[in-house]
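Okay, structure first, notes after.
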Amino acid sequence: MRRQGATLLLLAACLLLMGGCRQPPPDPAGETQVLRYVNYSPLGPLDPDRMTSSAQYTVACHVLEGLMRVYQDTLRYGMAERYEISEDGRMYRFFLRTDGAYSDGTPVTAADFLRTFRRLVREDGQIGRLTMLENAVRVWEGTAEPEELGVWAEDDHTLCFRLEEPAPHFLQLLALPMYAPSRSDRGDTLTARDCNGPFALTENGDTVTAMERNPCYWDGASIRLDRVEAVCFPSAEEAYAAFQRGEIHVMPLPSEGSEAYTGGVQRTVETGICEYITLYQGADSPLRSQALRQALNYALDRQRYVEELGSDLIEPWARCVLPSIPGMRLSYGQEFPHTLYPLKGDRGKAEACLTQALAQLSLDDPADICLLLAVHDDPWTRLEGEKLQAQWEETLGITVELVPTQTYDDWPLRPGAGRMALLGEIAEYGDPLVYLDGWAPWVAADSPFHRCLSQAAAQSDRLIRLNCLFEAESCLLEEAPMIPLQIRSERLLLSRRVEGFQTSATLVGGGYEFLYGYLT
């Protein structure tokens, strides 16, 4: 094996790493612990390489386990029992626990992890964040062999990584279920024998997705639930009827009329869904003007917009990074509170930016600026679009046309018109970078935004890195390829029997976290 002689320095981990959790109270005598929660659409085939919904991530995070695991924003050991990092922050050595196993008792080995990373790097669309691995891009391009990728197994229980540059968020990435180990005979969709997490997937149909406790999980003594079922209902009314019969323990409530759902405990939780308007900058689009993009941001009174919608499940938002993710000691939003655009808007700055944009676009009348706003074709999202349309036309005097659509691939193109789309996003792990690097292709490569991202990538000091990422966020807001709009919450109805059921605002935690849940 290559680099077996590489020297590593043991560094103290700056994050709280925990190998297990507090033992739950004993089960009531003879009761099988079965927790049932509601999905309003079928899960679909579960391929850990191509997950498309938070419901799929919730299941994947409980049936798969990578080298690390995140629970309630805390980074913990998963299949690894310890690790070492080199002094330059580029080389990692993980020591796998010897009792890590799949649900059929087959041991998890370093070769299984190696198989995962080599597969993902070779597949189109999957290399993504793995470009940080040494030679990953060359392997993907076909100019280097898979054996040259910066991942190798020293033995059955020792796995090493070599990065192109330091990446302090690397440990969090390793907790994503897509980076879990792969058996040599694993197919495209998961089966029970492929599962090495606390639970094993035993059923995945149109109405029920079932997971049962993995008898071979290394920390099985901490898992109370025997079985978890995600049950699909076509409507909240049918789900609530099952809840009243005691057949369902957790269900999401409609955004309106939730007060009618009684008999349990209502909990409002942050979903981590950040909604924003993407501004497409074509050569003939008026949105090529940075001043116009800034004018749209300044003109929007986000607080008034939320008040007019009348929902307490959305919060006005004018940032790129979700404020509640961890900072140094407090949340990121508390430690870095500055934002460029006031939540109530700034009409004076909006008008000044519009004047500049008209000059850049060689236009005299704001009404000559035509923007098409694509929204999903449902009553709520159309209402959102109408409120935005009214504000921009009132404040700026521009023309905004609403385009309800089922898919953003089929909305019309019109010469000289700018295109905008109302979209939502959930981050996969709790680090500012995940909210920023996806916008990199939208910003010029020589911009201050990219320089700040590069500076952050070279930092192993967490505080300095956070400061660099905050500067990158500030630069991105000024560049304005998007209009941050709102953060969405969700209201759940829980049975009074449910204990230990948590939620996570980042998908690495799986949305719903029933890992240490139980029924009383």
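The values are calculated or read from the model by the stated rules, or taken from the named source; none is laboratory data. In this text, all values refer to a predicted model and were calculated from it rather than measured experimentally. All Cβ positions, glycine included, derive from the backbone under ideal geometry; neighbour counts span all protein chains shown.
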In the range 428-459, residue surrounded by the most Cβ atoms within 10 Å (Cβ to Cβ) [restricted to those that are aromatic (Phe, Trp, Tyr) and part of a helix (DSSP H, G or I)] = 449
Take the residues of the range 95-115 that are assigned to a strand (DSSP E or B) and touching an Asp or Glu at 6+ places or on another chain (Cβ under 8 Å): which is surrounded by the fewest Cβ atoms within 10 Å (Cβ to Cβ)?
-> 107
Among the candidates 134, 154, 141, residue that is exposed (fewer than 15 other Cβ atoms within 10 Å of the Cβ) and not polar (S, T, N, Q) = 141
Only one of 174, 149 is in the same structural domain as residue 108 (by TED's automatic domain parsing), crowded, with 23+ Cβ neighbours inside 10 Å, over 25 Å from the mean Cα position of the chain (by Cα) and hydrophobic (A, V, I, L, M, F, W, C); which?
-> 149
Options 298, 341: the member that is surrounded by 15 or more Cβ atoms within 10 Å (Cβ to Cβ) and closer than 17 Å to residue 487 by Cα = 341
Might you check whether a residue that is within 28 Å of residue 191 (Cα to Cα), in contact with a Ser or Thr (Cβ under 7 Å, 6 or more places away or on another chain) and assigned by TED's automatic domain parsing to the domain that holds residue 201 occurs anywhere in the range 155-162?
-> yes
Return the residue satisfying two criteria in turn: it lies in the range 250-285 and is touching a strand residue (DSSP E or B) at 6+ places or on another chain (Cβ under 9 Å) and without any contact (Cβ under 8 Å) to a residue 12 or more places away in the chain, and of such residues it is nearest to residue 317 (Cα to Cα).
-> 259
Checked 425, 394, 386, 351 against criteria (assigned to a strand (DSSP E or B) and assigned by TED's automatic domain parsing to the domain that holds residue 481); the one match is 425
All but one of (1) in the same structural domain as residue 380 (by TED's automatic domain parsing); (2) more than 30 Å from residue 484 (Cβ to Cβ); (3) among the acidic types (Asp, Glu) hold for residue 212, so report the exception by its number.
-> (1)
In the range 266-296, residues that are within 27 Å of the chain's Cα centre (by Cα) and either part of a helix (DSSP H, G or I) or of a type in the set (A, V, I, L, M, F, W, C) (or both) total 8
Among 345, 397, the single one that is more than 26 Å from the chain's Cα centre (by Cα), modelled with pLDDT of 95 or more and farther than 24 Å from residue 273 by Cα is 397
Can you tell me which residues in the range 406-423 are under 30 Å from the mean Cα position of the chain (by Cα) and buried (at least 16 other Cβ atoms within 10 Å of the Cβ)?
-> 411, 418, 419, 420, 421, 422, 423
